[in-house]
Amino acid sequence: MTTIPLMPSDAQQLSTAKTSNTCWFEHLQLWRPEAVDQVTTGSYETAVILLSGTFDLMAGTTSWPARGARKTPFAGRAMAVFLPPNTPFRVGNEALDGEILMISARQPDTGPDPVGKEALSHKPLLPMAGSNKSFDPATGEWMPAESFPTAAESLPPRRFEKLQVGDVKIDRVFGESYKAATISLDEAVIPAGASLCLRDIPSRPSCEEVLLFTRPEGKSRIVQSGSSTAIDHDTTYCLSSEDLEHVEIHSDTEATYVVIAYAGKAK
């Protein structure tokens, strides 16, 4: 397990935890926009979690006004966005103190680009005017444009799977079956006095690597194979799938917010 520091990167109030020697994860970023602002995903896909605040969002040509309703990540459920590679992501904010978490991962090598009907099933085709639907020639059905793998998509809390480990409630934001090529993601708040053993998370997505983001309200600890380290600020960890079996997070005095991103789905 490796700790990755969050480093301020520029005037956009964007802090980055840059991974190294990883196969899948590119970086984790914490963004605190102060005005209308934009980032671009680059050649990797990105899972976006609105930690707090309310934002007008735009990804590519799709927009979602007034998204996000919670004041802190410790209360309420997240709103998420999936960003495919090379997608401009723009925000206009109503709450100046909002925060956005972005986790990016590299794409698997899929060989030559698909052709024929398979290629058409990856991109929206023949949009139906006023319907936000496009034709999928592989199924012969009109599908929401956001459901295609190359399209950005907004996921409200009703789309999340609810899980439970003891006293810890977990939201599966991006499940293994979601259209993302690489990333799956869980969000949880560990109550005061409770703990979460990562190996106990049910139906855990297949992965080769894990990126763990933790934010404590009070005294918290991360324990790996009996060795305990205090968590006293926003901290990012990179784990192998083997590490996952031996890591626990303990909230000793107050709650701890956790995002668990899995990368490298089973082929």
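The values are calculated or read from the model by the stated rules, or taken from the named source; none is laboratory data. Keep in mind it's a predicted model, so treat the numbers as computed, not measured. Every residue, glycine as well, gets a Cβ built from its backbone with ideal geometry; the counts of neighbours run over all protein chains shown.
Looking at the range 188-213, which of the residues that are among the hydroxyl-bearing types (Ser, Thr, Tyr) and part of a loop (DSSP other than H, G, I, E, B) is farthest from Cys23 (Cα to Cα)? Steps first, answer last, please.
In the first step, residues of the range 188-213 are kept if they are among the hydroxyl-bearing types (Ser, Thr, Tyr); the result is 195, 203, 206.
Still in the running and part of a loop (DSSP other than H, G, I, E, B): 203, 206.
Numbers: Ser203: 23, Ser206: 15 Å.
So, considering only residues that are among the hydroxyl-bearing types (Ser, Thr, Tyr) and part of a loop (DSSP other than H, G, I, E, B), the one farthest from Cys23 (Cα to Cα) is Ser203.
If I filter the range 16-49 down to residues being within 11 Å of Val91 (Cβ to Cβ) and acidic (Asp, Glu), which single residue comes out as surrounded by the fewest Cβ atoms within 10 Å (Cβ to Cβ)?
Taking the range 16-49 and keeping what is within 11 Å of Val91 (Cβ to Cβ), we get 31-39, 48.
Filter once more, so that each one left must be acidic (Asp, Glu): 34, 37.
Values: Glu34: 12, Asp37: 17.
Applying the filter and picking the extreme gives Glu34.
Within the range 170-182, track down each residue that is in contact (Cβ under 8 Å) with a residue 60 or more places away in the chain, assigned to a loop (DSSP other than H, G, I, E, B) and not aromatic (Phe, Trp, Tyr). Outline the logic, then answer.
As a first pass, look at the range 170-182 and keep what is in contact (Cβ under 8 Å) with a residue 60 or more places away in the chain: 171, 173-174, 176, 178-182.
In the following step, the residues that additionally are assigned to a loop (DSSP other than H, G, I, E, B) were identified as 176, 178-182.
Scanning the range 170-182 gives Glu176, Lys179, Ala180, Ala181, Thr182.
Which residue out of Leu155, Leu163 is modelled with pLDDT of 95 or more and surrounded by fewer than 20 Cβ atoms within 10 Å (Cβ to Cβ)?
Details: Leu155 fails: modelled with pLDDT of 95 or more.
Going through Leu155, Leu163 in turn, the sole match is Leu163.
Identify the single condition in (1) farther than 23 Å from Val247 by Cβ; (2) buried (at least 22 other Cβ atoms within 10 Å of the Cβ); (3) in contact (Cβ under 8 Å) with a residue 60 or more places away in the chain that Ala105 does not satisfy, given that it satisfies every other one.
(1) is the only condition that Ala105 fails.
Taking the condition over 27 Å from Ser104 (Cβ atoms), basic (Lys, Arg) and in contact (Cβ under 8 Å) with a residue 24 or more places away in the chain, does Lys219 pass?
Numbers: over 27 Å from Ser104 (Cβ atoms): yes; basic (Lys, Arg): yes; in contact (Cβ under 8 Å) with a residue 24 or more places away in the chain: yes.
Criteria met by Lys219.
Right, Phe89: under 17 Å from the mean Cα position of the chain (by Cα), aromatic (Phe, Trp, Tyr) and surrounded by fewer than 21 Cβ atoms within 10 Å (Cβ to Cβ) or not? Steps first, please.
Numbers: under 17 Å from the mean Cα position of the chain (by Cα): yes; aromatic (Phe, Trp, Tyr): yes; surrounded by fewer than 21 Cβ atoms within 10 Å (Cβ to Cβ): no.
In short, no.
When you look at Leu185, is it touching a residue at least 60 places away in the same chain (Cβ under 8 Å), over 15 Å from the mean Cα position of the chain (by Cα) and in a strand (DSSP E or B), yes or no?
Working: touching a residue at least 60 places away in the same chain (Cβ under 8 Å): yes; over 15 Å from the mean Cα position of the chain (by Cα): no; in a strand (DSSP E or B): yes.
No.
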